[in-house]
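Q: If you scroll down you'll find the structure; I have some questions about it.
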Amino acid sequence: MVHPIQATSLARSSGIRHGFFTRAGGVSGGLYAGLNCGPGSADAPANVAENRARVARHLGGTHPDVATLYQIHSGEAISVDEPIRPNARPKADGIVTNTPGLVIGVLTADCAPVLFADPEAGVVGAAHAGWRGAVGGVLEATIAEMEKLGARRNRILTAIGPAINQVSYEVGPDFEATLVESCANNAMFLSRNSPHERAHFDLPAFVEMRLKKAGVADVERKSPCTYSNESDFFSFRRSQHRSEPDYGRQISAIVVS
């Protein structure tokens, strides 16, 4: 059985179903053990397809897959009104729809997934917010696409899902310089134990700040650390530290029911 994490505000919203899915309930094995939903991984395609179908069924989707993107760590968002063919995924990092039964989502393995809903307008969205995408405006772009479909930002509920937490997110001087160059106040999301150590970045807090500045109605954090909770989540950085050849991806998805 799949066991997604849910945000309180979205769970209470009539006509909306969602979930930040963990590794639980999937058919994949080995490095991908559990609910690996990443078609970009080297997992068996049949396993990935079945895992994604389980997510779609759990959320009551009308199509046996979740509409996802070819994610490129950008600030781009698009709207969709029909299922996306596996070999024709658009390059973007935010996805929006108002089509009932069409489950949309994003894939992550340390970056922050964000789910959006304006229940009154019947418009939902999902964004893949790594630090580059968050700095580049993917959250704001997703909100703007929702507004094109009739949503109002002062009604939009948002939730930030599982992501790498600050204690596990050590960054180098180039990262730090780029972050602060984009806005000097971004330095507040960096911390270090001593002047000689590398900084650690608080990605969920940074995403929360961007959402609040965008003027949405509510921001909820459901962000356990993907790096340190191996039994529950895949992690790109953890796989790199172990010199593993590949890694799985968890999915976060939402639908107008």
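Q: Within the set of pairs 6 or more residues apart or between chains, which connect a residue that is free of Cβ contacts under 8 Å to residues at least 60 places away in the same chain inside the stretch 19-37 to a residue that is of a type in the set (A, V, I, L, M) and surrounded by 22 or more Cβ atoms within 10 Å (Cβ to Cβ) with Cβ atoms less than 6 Å apart?
A: G25/L35; G26/L35
Q: May I ask you to list pairs of residues, at least six apart or on different chains, whose Cβ atoms are under 6 Å apart, with the first in the stretch 185-210 being without any contact (Cβ under 8 Å) to a residue 12 or more places away in the chain and the second being surrounded by fewer than 19 Cβ atoms within 10 Å (Cβ to Cβ)?
A: Filtered contacts from the stretch 185-210: A187/V180.
Q: Look at the stretch 31-82 and say how many of its residues are among the aliphatic types (A, V, I, L, M), surrounded by fewer than 19 Cβ atoms within 10 Å (Cβ to Cβ) and assigned to a helix (DSSP H, G or I).
A: So the answer is 4.
Every number in this text was worked out from the coordinates using simple rules, so none of it is lab data. Everything numeric in this text was worked out from a predicted model, so none of it was measured. For neighbour counting, all protein chains shown are included, and Cβ atoms are generated from backbone atoms with ideal geometry for every residue, glycine included.
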